[in-house]
Amino acid sequence: GGDYVITKVGNVDLHLPIYERLTAKQGDIASRFILFHLLDGDTPFDLTGKSVRVYARKPDKTEIFNDLVINDKTKGYCTLELTSQCLASAGIVKMELYISQSSKVLTSIPFDLEVISSINNVNAIVSTNEFSALNAALESVQDFDSLKREVVEARKGYGTLGERLDNIDSHGNGLQKIIVKNINI
């Protein structure tokens, strides 16, 4: 059909180096993917409740930090899109997978992706850093920012916390303790 997606499959034992050099073509866009099968020895590495990201350093020293799509969490399959930024510079891209769950992080042994130079520079891309995983995390805190703004707006006109407690204290000492307790919750 009209689908021009090329996917490589790589088995990755998280205890061992990846000896196979992966290759891709400079300048390809939305057409190159690597399907990783993560293993713990001979056992599929369970990705339930975990996230998988790649950290990569390109030949020109710019960096990439992107999320992988988890295809089958119990069997350890996840897909990395080789973005236009990843394929912008010909040469060796050093890569490392980061698997995280709450405060725990497990990383793969670093491996290489060889970006083969294109003889055609019509689609030349300026190489920059790419941190889509961090951008996604920052977007998720927008709700928190909205809530914070609402609290700030709600506090306007009420004076400082000390002034409010002094005002309450002039009406009764016991009430101050209740209000302080509620504020700390």
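On the stretch given as the range 17-31, residues that are among the small types (G, A, S) and part of a strand (DSSP E or B) total 1.
Scanning the range 39-64 for residues that are open to solvent by less than 40 Å² (accessible area, probe 1.4 Å), assigned to a strand (DSSP E or B) and either among the hydrophobic types (A, V, I, L, M, F, W, C) or farther than 13 Å from L97 by Cβ (or both) yields L39, V52, V54, A56, I64.
Scanning the range 59-88 for residues that are closer than 19 Å to F131 by Cα and touching a Cys at 6+ places or on another chain (Cβ under 7 Å) returns I64, L68, V69, I70.
Please tell me if S108 is within 24 Å of A136 (Cβ to Cβ) and either at pLDDT below 90 or open to solvent by 20 Å² or more (accessible area, probe 1.4 Å) (or both). Taking the combined requirement at face value, the residue does not satisfy it. Inspect the range 82-90 for any residue being buried (at least 20 other Cβ atoms within 10 Å of the Cβ) and within 14 Å of the chain's Cα centre (by Cα) and give the result as yes or no. Within the range 82-90 (the criterion being buried (at least 20 other Cβ atoms within 10 Å of the Cβ) and within 14 Å of the chain's Cα centre (by Cα)), the answer is no, since none of the residues qualifies. Of the residues screened, G91 is one that is of a type outside the set (K, R), closer than 18 Å to E130 by Cβ and touching a strand residue (DSSP E or B) at 6+ places or on another chain (Cβ under 9 Å).
A quick yes/no check of all residues on (1) acidic (D, E); (2) touching a Phe, Trp or Tyr at 6+ places or on another chain (Cβ under 8 Å); (3) modelled with pLDDT of 95 or more; (4) over 30 Å from N120 (Cα atoms):
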| position | (1), (2), (3), (4) |
| --- | --- |
| T23 | no, no, no, no |
| V52 | no, yes, yes, yes |
| T62 | no, no, no, no |
| L82 | no, yes, no, no |
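Filter the range 65-81 for residues that are open to solvent by less than 40 Å² (accessible area, probe 1.4 Å) and over 21 Å from Q26 (Cα atoms) and give the result. G76, C78 - these are the residues of the range 65-81 that are open to solvent by less than 40 Å² (accessible area, probe 1.4 Å) and over 21 Å from Q26 (Cα atoms).
The values are calculated or read from the model by the stated rules, or taken from the named source; none is laboratory data. Since this is a predicted model, take the numbers as computed values, not measurements. Backbone-built Cβ (ideal geometry, glycine too); neighbour counts: all protein chains shown. To get the accessible areas, we keep the full protein, side chains included, count just its heavy atoms, and leave off ligands, DNA and RNA. Shrake-Rupley method; radii C 1.70, N 1.55, O 1.52, S 1.80 Å.
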